[in-house]
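Following: one structure in structure tokens, then a few remarks.
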Amino acid sequence: DKLSNALEGLGSLMKSMPESPKLFESSKQAILSRLSTERLEKTGLLFDFETMTRLGIDHDIRKDIYQETGNFTLRDIEDFHRKHFMNRRHVMLVLGKKSSLDLQVLRKYGTLKELGLRDIFGY
């Protein structure tokens, strides 16, 4: 069953982060490449500025991301995972038709709460 396999996989990732130094370095390079070749457009700049202002950031955060990405190590990511994901309780959201979901499988993971469109999307 796809749902059961997906939830088991997600649970496994939350408990232990797979280590792949090669994939980690490749991901770092992809971030740096995207940032260095990203084309900035006027409307994008305006929306970015408004978002950053709301978050209390008064400068172009892309520069920080570019500089810090080069300094990141796999150990930093492991520490972040250990601190924020490992051995912690999580809330999961599964979207789909109720009739298409195996509620017994979902109940194994905790209390179920059915949400409507208004709860999720605001309409």
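Return yes when S27 is among the hydroxyl-bearing types (S, T, Y), surrounded by 11 or more Cβ atoms within 10 Å (Cβ to Cβ) and in the same structural domain as V105 (by TED's automatic domain parsing) and no when it is not.
No: the conditions fail for S27.
Considering (1) at pLDDT 90 or above; (2) farther than 24 Å from S12 by Cβ; (3) of a type in the set (D, E), say which one D76 fails and leave the rest.
Here D76 meets the rest and fails (2).
State all residues of region 34-49 that are surrounded by fewer than 13 Cβ atoms within 10 Å (Cβ to Cβ) and either assigned to a helix (DSSP H, G or I) or touching a strand residue (DSSP E or B) at 6+ places or on another chain (Cβ under 9 Å) (or both); if no residue qualifies, say none.
Scanning region 34-49 gives R34, S36, T37, K42, T43, G44, L45, L46, F47.
Report, by residue number, each residue of region 1-28 that is part of a helix (DSSP H, G or I), within 18 Å of H90 (Cα to Cα), under 17 Å from the mean Cα position of the chain (by Cα) and of a type in the set (G, A, S).
A6, G9, G11, S12
State yes or no: is T73 assigned by TED's automatic domain parsing to the domain that holds S26, surrounded by 10 or more Cβ atoms within 10 Å (Cβ to Cβ) and within 29 Å of E19 (Cα to Cα)?
Answer is yes for this residue.
Here is a yes/no grid of residues against (1) within 19 Å of G9 (Cα to Cα); (2) assigned by TED's automatic domain parsing to the domain that holds G9; (3) at pLDDT 90 or above:
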position: K42; (1), (2), (3): no, no, no
position: L45; (1), (2), (3): no, no, no
position: M52; (1), (2), (3): no, no, no
position: D58; (1), (2), (3): no, no, yes
position: H81; (1), (2), (3): yes, no, yes
position: S99; (1), (2), (3): no, yes, yes
position: K113; (1), (2), (3): no, yes, yes
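The values are calculated or read from the model by the stated rules, or taken from the named source; none is laboratory data. Because the structure is a prediction, the values reported are computed rather than measured. As a convention, Cβ positions derive from the backbone with ideal geometry for all residues, glycine included, and neighbour counts pool all protein chains shown.
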